[in-house]
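A quick write-up on the structure given underneath.
The values are calculated or read from the model by the stated rules, or taken from the named source; none is laboratory data. None of these values were measured; they are calculated from a predicted model. Here the Cβ is made from the backbone with ideal geometry for all residues, glycine too, and neighbour counts use every protein chain on show.
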Amino acid sequence: MKKKTWFEAGSYFLVSFGQTFVEFGTFALLQWLALAAPIPSAVSIAVSATWNYVLNRNITFRSSANYLASILKFILLYLWNFIFLTLMLQILPNTFGIDPLLVKGFTMVCQGIWGFLLCKYVIFK
């Protein structure tokens with residue numbers, strides 16, 4: 001792989017790793033403020049997705065792609081990831097008896113791989 005692609009891959013996964021802490025920290029803070037149950041979850045996902053989008057657009061891929069188009073593609077990626085996780089959590093444990101934690105891990109690996117490829121070649125192109 002080219003040196004640039006290695007940088008992008010490393011940066012992409014560091015941003016994603018950081019996103020985990022942003023989402024959890026935001027969720028914990030909003031829970032601490034005693035907001036109603038769905039609010040901390042929704043807000044923490046929105047904040048962490050924004051973190052991911054901004055850092056990957058500006059640092060990882062240094063993109064000059066159309067903002068609106070890239071945001072819409074990024075949202076579609078998030079929706080697909082949610083649908084994929086939901087389906088896998090319904091199918092694999094119920095049909096094959098696979099532990100849901102293993103399913104979650106499997107889906108995270110898949111999402112990391114196609115997320116990087118889609119961000120590099122489609123979303124921020």
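For every residue, the table says whether it meets (1) of a type in the set (A, V, I, L, M); (2) within 20 Å of GLY115 (Cα to Cα); (3) modelled with pLDDT under 95.
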position	(1), (2), (3)
LYS3	no, yes, yes
ILE39	yes, no, yes
VAL47	yes, yes, no
TYR67	no, yes, yes
ILE71	yes, yes, no
LEU77	yes, yes, no
THR86	no, yes, yes
PHE96	no, no, no
Item checked: Hits in region 97-115 - residues which are assigned to a helix (DSSP H, G or I) and either touching a strand residue (DSSP E or B) at 6+ places or on another chain (Cβ under 9 Å) or not aliphatic (A, V, I, L, M) (or both) -> PRO100, LYS104, GLY105, PHE106, THR107, CYS110, GLN111, GLY112, TRP114, GLY115
Note to self: Name the single residue that is farthest from the chain's Cα centre (by Cα) among those in region 1-39 being of a type in the set (Gly, Ala, Ser) and part of a helix (DSSP H, G or I).
What the structure shows: ALA28
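Which ones in region 61-74 are over 22 Å from PHE24 (Cα atoms) and touching a residue at least 24 places away in the same chain (Cβ under 8 Å)? Walk me through how you get there before you give the answer.
Initially, region 61-74 is screened for residues over 22 Å from PHE24 (Cα atoms), giving 61-73.
Within region 61-74, PHE61, SER63, ALA65, SER70, LYS73 qualify.
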Margin query: Condition first: surrounded by 14 or more Cβ atoms within 10 Å (Cβ to Cβ), closer than 21 Å to CYS110 by Cα and either in contact (Cβ under 8 Å) with a residue 60 or more places away in the chain or not assigned by TED's automatic domain parsing to the domain that holds VAL122 (or both). Can you find one or more residues in region 33-46 that meet it?
Written below: yes
